[in-house]
Amino acid sequence: MKLAFILLSTVAAAVRPATALPAQENVLLIVADDIGVDVLSCYGEGSIVPPTPNLDALAAQGLLFRNAWGNPTCSPTRATILSGRYGFRTGVGNTVRTNINGLPLSELTIPECLDLGGLGYRCAAFGKWHLGNNSNGAYAAPNLAGFSHYSGAILNFSAPSTYDSWPETVDGTTIKTLRYATTENVDDALAWIGQQSGPWLCYLAFNAAHAPLHAPPQALHGFDLTGLDPFVTPLPFFHAMIEAMDREIGRLLGALDLERTTVIFIGDNGTLEALVQPPFDPDHGKATLYEGGINVPLIVRSSAVVQPGREVGALVNACDLFATVLELADLDPASVLPPGTQLDSVSLLPYLRHPHQAPLRETVFSELFSGMRVPNTREGKAIRNSRYKLIRFTYYPEEFYDLEADPFEQDDLLLHAALDPEQQANLDELRVRLEVLLGG
């Protein structure tokens with residue numbers, strides 16, 4: 001393994017002069033599963049975190065986005081990344097199952113746009129897909145969504161599948177694989193990248209650190225899991241899986257020309273509630289519209305970054321990666337999208353290039369819906385501005401929070417006897433903005 005990436009010349013990166021993007025920048029887009037900001041040390045928010053030196057180095061050499069929103073579960077976030085459109089437009093509002101819509105083939109994805117732009121990009125996807133079912137091609141769904149090559153797991157691992165014995169689909173054909181999934185994903189990505197002679201997009205979506213919790217190969221982590229049971233003491237297994245992923249990311253990055261490759265790392269949703277540690281609220285994790293469910297890690301390293309090591313506090317959304325990747329390729333989305341397409345994506349490149357860039361969004365949005373009427377769910381919509389957040393549940397009363405004073409959402413302001421004028425003005429504005437967005 002090329003673990004030397006752990007020490008990848010942070011000092012050199014910090015003083016690297018800003019340059020224009022090289023012609024036809026390569027893009028590596030990494031998606032981690034069930035990893036919230038609470039478990040990455042570079043965010044400094046969690047009380048117990050695993051070692052992730054490679055992700056820490058990536059943040060030190062790039063930008064860390066503090067207020068990035070995804071969706072409460074994995075499929076909707078993946079759909080917004082690839083389409084640049086919110087779930088209420090694409091129909092993907094919850095985890096894709098046989099009876100819950102996959103990403104429609106009518107949605108133009110990042111690889112399809114790159115192909116339509118005639119820029120010579122080769123595009124491949126590796127790892128967990130979780131956007132396909134019989135409605136959009138099933139095992140062929142990644143290829144039908146525009147990726148010329150795909151290898152990975154179409155869905156989560158469930159018994160009898162494990163990370164060491166799982167169904168790997170390669171361009172529509174599925175066989176049983178006995179190699180550790182996180183390692184296999186990186187090996188496959190490296191093999192494909194090594195074959196490319198022109199610009200490329202590599203979409204690498206790890207199953208890690210989604211259940212089943214387990215002990216990764218010992219060479220990939222430093223935890224002593226001897227005698228422990230992941231069903232009894234799950235946290236060390238979860239952390240070992242994250243460290244294993246981090247080491248494999250280091251091996252991958254150590255093999256790339258990072259001066260010609262923009263690396264984007266994002267989580268799909270927050271940490272599973274059973275694994276959430278104080279000061280985070282265990283009832284506000286994955287599958288909820290609270291910050292613990294939708295505030296996801298987002299790190300970008302690129303030759304376009306001016307003053308690496310910065311933190312961006314502006315509001316951004318996972319869907320913004322769509323426009324970001326296309327701008328990295330010097331492609332205007334309007335030149336390839338059908339007329340009238342409502343795009344929700346806003347490119348993040350101005351934040352990379354301009355250390356004092358003013359916020360490009362006034363609000364950010366998230367949602368959870370299944371299309372089935374199940375009254376005991378926490379489905380709904382969420383919208384926030386720089387300080388206040390409104391959650392409009394489908395089956396329960398609205399909730400309203402001051403995230404500056406109450407970042408863990410313990411004090412619903414709508415339960416107060418009255419709001420002060422500033423609070424009331426922000427609530428009214430967020431309600432209007434939500435109605436306008438959904439009406440558009």
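The values are calculated or read from the model by the stated rules, or taken from the named source; none is laboratory data. Fair warning: this is a prediction, and the values are worked out from it, not measured in the lab. Reconstructed Cβ throughout: ideal geometry from the backbone, glycine too, with neighbour counts over all protein chains shown.
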Q | Those residues of the stretch 296-310 which are assigned to a strand (DSSP E or B) and under 16 Å from Pro350 (Cβ atoms), in sequence order | A | Leu298, Val300, Arg310
Q: Name, by its number, the condition in (1) touching a Leu at 6+ places or on another chain (Cβ under 6 Å); (2) in contact (Cβ under 8 Å) with a residue 40 or more places away in the chain that does not hold for Ala215.
A: (2)
(Q) Where the second residue is assigned to a loop (DSSP other than H, G, I, E, B) and modelled with pLDDT under 95 and the first is closer than 12 Å to Leu298 by Cα and lies in the stretch 317-331, which pairs have Cβ atoms under 8 Å and are six or more apart or on separate chains? (A) none
(Q) What are the pairs with Cβ atoms under 7 angstrom where one residue, in the stretch 185-198, is among the small types (Gly, Ala, Ser) and the other, located anywhere, is in a helix (DSSP H, G or I) and surrounded by 11 or more Cβ atoms within 10 Å (Cβ to Cβ)? Sequence gap at least six, or different chains. (A) Ala189/Leu252
Q.
Between Gly254, Gly222, which is touching an Asp or Glu at 6+ places or on another chain (Cβ under 9 Å), of a type in the set (Gly, Ala, Ser) and surrounded by fewer than 19 Cβ atoms within 10 Å (Cβ to Cβ)?
A. Gly222
Q) Restricting attention to the stretch 424-435, does a residue exist that is within 24 Å of Pro279 (Cβ to Cβ), hydrophobic (A, V, I, L, M, F, W, C) and outside the structural domain of Glu291 (by TED's automatic domain parsing)? A) no
Q: Filter the stretch 311-345 down to residues that are part of a loop (DSSP other than H, G, I, E, B) and within 15 Å of the chain's Cα centre (by Cα) and give me whichever is surrounded by the fewest Cβ atoms within 10 Å (Cβ to Cβ).
A: Ser345
**Q.** Enumeration of residues in the stretch 251-295 that are under 27 Å from Tyr351 (Cβ atoms), of a type in the set (Gly, Ala, Ser) and under 18 Å from the mean Cα position of the chain (by Cα)
**A.** Gly267, Gly270, Gly292, Gly293
Q. For the stretch 304-344, what are the residues that are closer than 23 Å to Asp115 by Cβ, touching a Ser or Thr at 6+ places or on another chain (Cβ under 8 Å) and polar (S, T, N, Q)?
A. Thr324
Q: Looking only at the stretch 178-196, decide whether some residue is in contact with a strand residue (DSSP E or B) (Cβ under 6 Å, 6 or more places away or on another chain), in the same structural domain as Glu243 (by TED's automatic domain parsing), of a type in the set (S, T, N, Q) and within 25 Å of Asn94 (Cβ to Cβ).
A: yes
Q.
When you check Ala208 against the structure, is it over 18 Å from the mean Cα position of the chain (by Cα) and in the same structural domain as Gly118 (by TED's automatic domain parsing), yes or no?
A. no
Q) For the stretch 61-179, which helices (runs of 4 or more DSSP H) that fit wholly inside it have 2 or more residues that are out of contact with any Cys (no Cβ under 6 Å at 6 or more places or on another chain) and of a type in the set (Gly, Ala, Ser)? A) 74-83
Q. Is it the case that Pro236 is in a loop (DSSP other than H, G, I, E, B), free of Cβ contacts under 8 Å to residues at least 40 places away in the same chain and closer than 27 Å to Val186 by Cβ?
A. no
Q) Any idea which of Thr226, Thr233, Thr261 is assigned by TED's automatic domain parsing to the domain that holds Thr324, of a type in the set (S, T, N, Q) and within 20 Å of Ala205 (Cβ to Cβ)? A) Thr261
Q) How many residues does the stretch 376-404 hold that are part of a strand (DSSP E or B) and within 19 Å of Ala418 (Cα to Cα)? A) 9
